[in-house]
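Down below is the structure, laid out as structure tokens.
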Amino acid sequence: MLSVKLHKWKKISSKTQASIYNKPAYVYIPLISQDDDNITLLVKKGDYVYKGSIIARRKGNLRIPIHSSISGTVVGFEEKYYQNGKLEKCIVIENDYKEKYQVNKGVKRNLTKYSKEEFIELLKECGVVGLGGTGFPTYVKYSSKRKINTLIINAIEAEPYITCDSVLAASKCEEILEAIDAIMEINQIPEAIIAVKKTNTELIHTINNFIGTYLRIKLVLVPDIYTLGYEKKLVQYLKHVSYQKYSMDVGIVVNNISTIYAIYQALKYQHPLTERMITFTGDALKKPQNVIVKNGVLVEEVIEHIGGYKRDKKIQLIAGGPMMGRAIPSSDLVVTSNLNCVLVLKPNTGKEVSEVCVHCGKCVEYCPTRLSPVLIKEHLNHPKILKQLEPQRCIECGLCTYLCPSRIKVRDMVQEAKQKVGGSK
Amino acid sequence: MKDFQVGTGTYVITEKNNQKRSIQLFCLLCILILFSVIKNGLLPYLSKQVGLSGLFFPILFVLSGMIMTLLVDLICHQLLEPNKKINYFHSLNLGIIYTLILPLYTPLLFVVLGAAVVIIFEYFMRKLFGKIYLSPVLVGWIFIMGLHLLSFIPTLDYLNPLEVELGTPLGMASTISDLGNYQTIVEPYGSLLDFILGFVPGGVGTTSILLCMMLAIYLTIKKELKWRIPLVTIATVFGMTFMIGEFSHLSLWYPLFQICSGSLVFGSIFIAAYDETSPVTPIGQVLYGLFLGVLIVILRYMTPLTDGALAAMLIIPVFNSVFDYIGAIARFHFTKSVIAFIIAWFLILLFACFIGIQNMKQEKMIETRVEQIDLM
């Protein structure tokens, strides 16, 4: 299995200092969590909500709450675009600009003064989810009955263009290290590894400045190759173990470095996750940069705040990175915890038309999950064979489409196969 | 009003498209053309065995194939796919590979006709099946073999005078009733070094093992070659011929002679590993190489074909879907491919031993006959 270097385009957003956008007139909190719209609504029109109030809660096993990111009044419900490209129902809250919390729980001086159970409950109630893009509830990772031997902090940020993790980690390095130490103490984890790309010299330098006193935390430099940020591959690279479903099964917890900062906020201030740093970048933006944005803010407002678009005609607005993200038909996209990047590009589609597959085998050779995308594409109408090719393993990293010299959208076909196989089960 | 374009990702793509890959291959093949011109034109010219026409004949030979494939591609494209983008270098590369495997004495008319067949066959397969199951280059080659058999057109346009006397090494070896020895099959051409450098008779541009290997290494570094195919094919032929040679107490020179002769190295790099007619899965490629190697040895030793490499490369791709099916499943469950490997290893051992023993018997028979003659 090979990997591809995709280090380009990072400098576009990292050369400008990060900014904050915290004065939206309205926020639109989508009633969806990790693509699950089975949500219990806890507020009605006219209700006053505080910043951090629980306004909805996910049903089912992962009963994670959804918080208000501002204080103000619920004025209604509207449909806005979510990062899956679909219109989702949102709670509209009018901002009173007071940033009032219902209860001020104070500041915890010693972050380690939590039992494991309290820690898990805190993560759950603060709605801490994976900020790398998955939005997977973090408390689940620590709830495993198996002993955690290693905590891996993923600071790789493999996708091109995205720099929010690196910028946040560099500016909040002390807090992040303090949080890692506390997590280790609370969960009795003997070892922590921060994985950073060799090429990310600025972050390496910053971490090295602060890491000295934390003897159990190791900084490991990894090669700058795409898909190494993918959890399974990272665990395999760092610990030489593989697993089927969850890294917890082999005693390893992997957290994104921004998630660690969210945990810090929860441990220190008991603040729920209501804002995050997002990379606004791309060649169609006037001033690409990282912005700290509240959940529920419209992307359009943020783009206007940072200087707007370079052009009006034919632009592509992508929620997420260029590899795994999705083009949204409108800028009515709402910010959520699992949105790490808004990419605005001059579209490249149509410049090069798909050709006949030449069977170069690059999609097979490079697939991080060992799929055979070209064969999946060829057997889309043969369900029996398709099932044996296991398209459901696809993590939609997009490497197959990126590499295809015939410009075939291979990932889309694998996704189609994934649905077909899922449907035939 | 902003115009937001929706399209599926990824939203960045590699710069390396098919056109760029074809140009890269074209540049590499030009090195082989240059070698061919030196070997078949310049050297005979410098040794005053040919005149100016002889000097330029090799380049004319290759150009005729290239131009014909390009012309036919243009015509077919206009007739069948006028809206699609054409990749000129693809047809040029097919033309080059096709002409490089031909012997220099192939009449130019045959070369031109065969080149047309290469492209027409490619379009035909694509239109009919949406996929190419057989190497177009080898279909052109087999077409020429057919024309030679019919031989209603006078042959022998040009011969490299340096090659006239001996014929190809494998052809020479096939005339000997047993496996031969170093003096009878290698020394007439110099040494094994001449084989590696490529100064032995054979296809127009297939003889230089050193150059082919260098190009293969370059392509592998650039990740543009399914390297497992040539590696496993050559290793299989080497292993089998080593075993065969061991039965007749021939040393390491014998398997080296076998892999350095004929179109094995060139073919396994540029034809067997040709993207469209080779498996895409790594294990599929290994199995393909193993079975290809076995078939080459079978054809070389057990049929009247002297080389067998190109014929085997024409046949084996028919089984690509089987190799890929096994290869794709083996990516998750390696044990499921074990049976295919066992069959391959069994065939390797079976045929190597069978051919080795047959030759050993042949050798003993000759020895007995010689003794009888001596006694008489």
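What follows is calculated from the coordinates using simple rules that are stated; it is not laboratory data. Quantities reported herein were computed from a predicted structural model and do not represent experimental measurements. Neighbour counts run over all protein chains shown; Cβ positions are idealised from the backbone, glycine included.
With kT/(6 pi eta Rh) evaluated at 10 °C and eta = 1.306 mPa s, and Rh the Kirkwood radius from Cα pairs, the stretch A:94-205 diffuses with a coefficient of 98 µm²/s according to Stokes-Einstein. Close amide-amide hydrogen proximity is noted between residue A:75 and A:46, A:92, A:93, A:94, each under 5 Å apart and 5 or more residues distant or on a separate chain (H modeled in the peptide plane; Pro and chain starts excluded). Considering only B:343, B:191, B:180, the residue lying farthest towards the positive end of the dipole of the stretch B:171-376 is B:343, judged by Cα position with unit charges set on Cβ. Computed over chain A, the P(r) tail beyond 35 angstrom holds 28 percent of alpha carbon pairs. Springs between Cα atoms under 10 Å define the GNM used for chain A, and in it the highest mean-square fluctuation of A:115, A:247, A:14 occurs at A:115. Compared with the rule-of-thumb size 2.2 N^0.38 Å for a compact globular protein, the stretch B:9-165 has a Cα radius of gyration ratio of 1.17.
Among B:46, B:225, B:290, the residue with the largest mean-square fluctuation in a Gaussian network model of chain B, with springs joining Cα atoms closer than 10 Å, is B:46. Backbone phi angles across the stretch B:117-134, fed through the Karplus curve with coefficients 6.51, -1.76 and 1.60 (θ = phi - 60°), yield HN-Hα couplings of 4, 3, 6, 4, 4, 4, 5, 4, 5, 5, 5, 7, 10, x, 7, 9, 8, 10 Hz in residue order; Gly and Pro are listed as x.
Note on residue A:79 and residue B:343: with the Förster distance fixed at 45 Å, the Cβ-Cβ geometry gives a FRET efficiency of about 0.15.
Summary value for chain B: 15 percent relative contact order, contacts being C-alpha pairs under 8 angstrom separated by 6+ residues. Taking Cα atoms, how many degrees apart are the long axis of helix B:18-37 and the longest axis of chain B, rounded to 10 and kept between 0 and 90? Around 30 degrees separate the two axes.
Here, the stretch B:251-353 is characterised by an Rg to Rh ratio of 0.99, where Rg is the alpha-carbon radius of gyration and Rh the Kirkwood radius.
Charges on Cβ only, +1 for Lys and Arg, -1 for Asp and Glu, centred on the Cα centroid of the stretch A:273-401; of A:335, A:376, A:285, which one is farthest towards the dipole's positive end? Selected residue: A:376.
Backbone amide hydrogens, once placed in the peptide plane, bring residue A:26 within less than 5 Å of A:95, excluding anything fewer than 5 places away on its chain. Extents of the protein assembly as shown, largest first, come to 117, 57, 51 Å (Cα atoms, principal axes, whole angstrom). Under the simplified labelling scheme, the residue A:62-residue A:110 pair shows an inter-label distance of 3.4 nm, with each label point 7 Å from Cα along Cα→Cβ. Taking every Cα-Cα distance in the stretch B:171-376 and sorting them into 5 Å bins from zero, the calculated P(r) comes out as 1, 8, 14, 18, 18, 15, 11, 7, 4, 2, 1, 1, 0, 0 percent. Taken one residue at a time, the phi angles of the stretch A:133-138 give Karplus couplings (6.51, -1.76, 1.60, θ = phi - 60°) of x, 7, x, 6, x, 5 Hz. Gly and Pro are set to x. Remark: for residue pairs A:10/A:233; A:233/B:20; A:8/A:245; A:197/A:314; A:10/A:124; A:44/B:2, the C-alpha separation exceeds 27 Å in A:233/B:20; A:8/A:245; A:197/A:314; A:10/A:124; A:44/B:2. Near the amide H of residue A:19, within less than 5 Å, lie the amide hydrogens of A:290, A:291, A:292, all on another chain or at least 5 residues away, with H placed in the peptide plane.
Projected over all directions and averaged, the alpha-carbon convex hull of chain B occupies 24.4 nm². Among A:156, A:292, A:176, the residue with the largest mean-square fluctuation in a Gaussian network model of chain A, with springs joining Cα atoms closer than 10 Å, is A:292. In this calculation the C-beta distance from residue B:79 to residue B:113 is compared with R0 = 22 Å, giving a FRET efficiency of 0.70. When all alpha carbon pairs of the stretch B:27-71 are counted in 5 Å bins from zero, the resulting P(r) reads 6, 24, 27, 21, 13, 7, 2, 0 %. Note on chain B: helix-only mean residue ellipticity at 222 nm, from DSSP H runs of 4+ residues weighted -39500 (n - 2.57) and normalised by residue number, equals -21000 deg cm²/dmol.
Pairs of Cα atoms nearer than 8 Å and 6+ residues apart set the relative contact order; for the stretch B:171-376 it is 23 percent.
Over all other residues within a Cβ to Cβ distance under 15 Å of residue A:380, the charged ones net out to +4, with Lys and Arg as +1 and Asp and Glu as -1. Averaging the Cα positions of each part gives two centres, and for the stretch B:101-126 and the stretch A:166-197 these lie 65 Å apart. If only the Cβ of Lys and Arg carry +1 and only the Cβ of Asp and Glu carry -1, the dipole of the stretch A:118-272 around its Cα centre is close to 560 debye. Phi angles across the stretch A:163-172 convert, under the Karplus curve 6.51 cos²θ - 1.76 cosθ + 1.60 with θ = phi - 60°, into 3J(HN,Hα) values of 9, 4, 5, 5, 5, 5, 4, 5, 7, 10 Hz, Gly and Pro given as x. Semi-axes of the equivalent ellipsoid of the stretch A:1-119 are 28, 23, 20 Å, computed as sqrt(5λ) over the eigenvalues of the C-alpha gyration tensor in descending order. When the P(r) of the stretch A:142-193 is calculated, the portion above 14 Å amounts to 60% of the C-alpha pairs.
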